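Undergrad: Take this structure, written in structure tokens, and hold onto it; I'll ask about it next.
The values are calculated or read from the model by the stated rules, or taken from the named source; none is laboratory data. Just so we're clear, the structure is a prediction, and the values are computed from it rather than from any experiment. Backbone-built Cβ (ideal geometry, glycine too); neighbour counts: all protein chains shown.
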Amino acid sequence: MKTYTLTICGLKRELPLVHISKTNLLANFTFLGDVELVDCLADTLAAQLKNSGADYLVCPHVKVVPLVHGVAKRLGHKRFVVCRKTVKPYMSSPVILKPLPHFPKHVQPMVINGSDAEVLKGKKVIIIDDVVSTGITMQMATKLMAMVGATVIECVAVIKQGDTLLTNIAHLTYLQKLPIFT
């Protein structure tokens, strides 16, 4: 298997190259289960965000939870909010954002629990994701925050993959860039 060596926060990781089309490969970045990397990333992001003035951190899907938990803990936040792709049985009065008509067909809805929506109303939030490539997830998360009355003050990704964002993301920062290979 071909790999790409990524050095981030002083740590080296071998990322498998996976096909995303007949001609393109990407380095598959994940930090799930990698305690050392999650802790290092959380330290780095918390240092960058310590003076942001954010009331809450928001993650657009579950796989970012370990990182957002670590950043929230380091910033002294007692809570963060997780968006989901489907309505879950525990949700009361969920707020659902369906993909916009011009988005690719594979894009799923984004959902926030109604009680979380109430907590975020009138608050300043930072959206944290693992990888941004097209920007669609960040755009959807930003629109969902606007729907619930929260103000996104920054969008943060660990990795920006490729050079093409399909949408403009205000206040986007990232730690590392990864190419898409042909």
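Undergrad: Does segment 74-87 include one or more residues that are small (Gly, Ala, Ser), on the phi > 0 side of the Ramachandran plot, surrounded by fewer than 21 Cβ atoms within 10 Å (Cβ to Cβ) and modelled with pLDDT under 95?
TA: Taking segment 74-87 first, the residues small (Gly, Ala, Ser) are 76.
Filter once more, keeping what is on the phi > 0 side of the Ramachandran plot: 76.
Now restrict to residues that are surrounded by fewer than 21 Cβ atoms within 10 Å (Cβ to Cβ): 76.
If we keep only those that are modelled with pLDDT under 95 as well, we get none.
Within segment 74-87, none of the residues are small (Gly, Ala, Ser), on the phi > 0 side of the Ramachandran plot, surrounded by fewer than 21 Cβ atoms within 10 Å (Cβ to Cβ) and modelled with pLDDT under 95.
Undergrad: Here's something else I'd like to know. Tell me which residues, restricted to segment 26-35, are surrounded by 15 or more Cβ atoms within 10 Å (Cβ to Cβ), touching a Pro at 6+ places or on another chain (Cβ under 8 Å) and among the hydrophobic types (A, V, I, L, M, F, W, C).
TA: Ala27, Phe31
Undergrad: Now for a separate question. Any idea which of Ile127, Ile169 is in contact with a Cys (Cβ under 6 Å, 6 or more places away or on another chain), part of a loop (DSSP other than H, G, I, E, B) and touching a residue at least 24 places away in the same chain (Cβ under 8 Å)? I'd like the intermediate steps shown before the answer.
TA: Values: Ile127 fails: part of a loop (DSSP other than H, G, I, E, B).
Of Ile127, Ile169, the one residue that is in contact with a Cys (Cβ under 6 Å, 6 or more places away or on another chain), part of a loop (DSSP other than H, G, I, E, B) and touching a residue at least 24 places away in the same chain (Cβ under 8 Å) is Ile169.
Undergrad: Let me ask you something else. Residues of segment 1-49 being under 19 Å from the mean Cα position of the chain (by Cα) and small (Gly, Ala, Ser), which ones?
TA: Ala27, Gly33, Ala42, Ala46, Ala47
Undergrad: Please enumerate the residues belonging to segment 110-166 that are crowded, with 16+ Cβ neighbours inside 10 Å and of a type in the set (S, T, N, Q).
TA: Hits for segment 110-166 are Asn113, Ser133, Thr134, Thr137, Gln139, Thr142, Gln161.
Undergrad: Inspect all residues belonging to segment 37-48 and state whether any of them is polar (S, T, N, Q) and under 22 Å from Ala150 (Cβ atoms).
TA: Checked segment 37-48: at least one residue is polar (S, T, N, Q) and under 22 Å from Ala150 (Cβ atoms).
Undergrad: Further question: Looking at Val38, Val71 in this structure, which one is under 18 Å from Cys155 (Cβ atoms) and either surrounded by 18 or more Cβ atoms within 10 Å (Cβ to Cβ) or in contact with a helix residue (DSSP H, G or I) (Cβ under 8 Å, 6 or more places away or on another chain) (or both)?
TA: Val71
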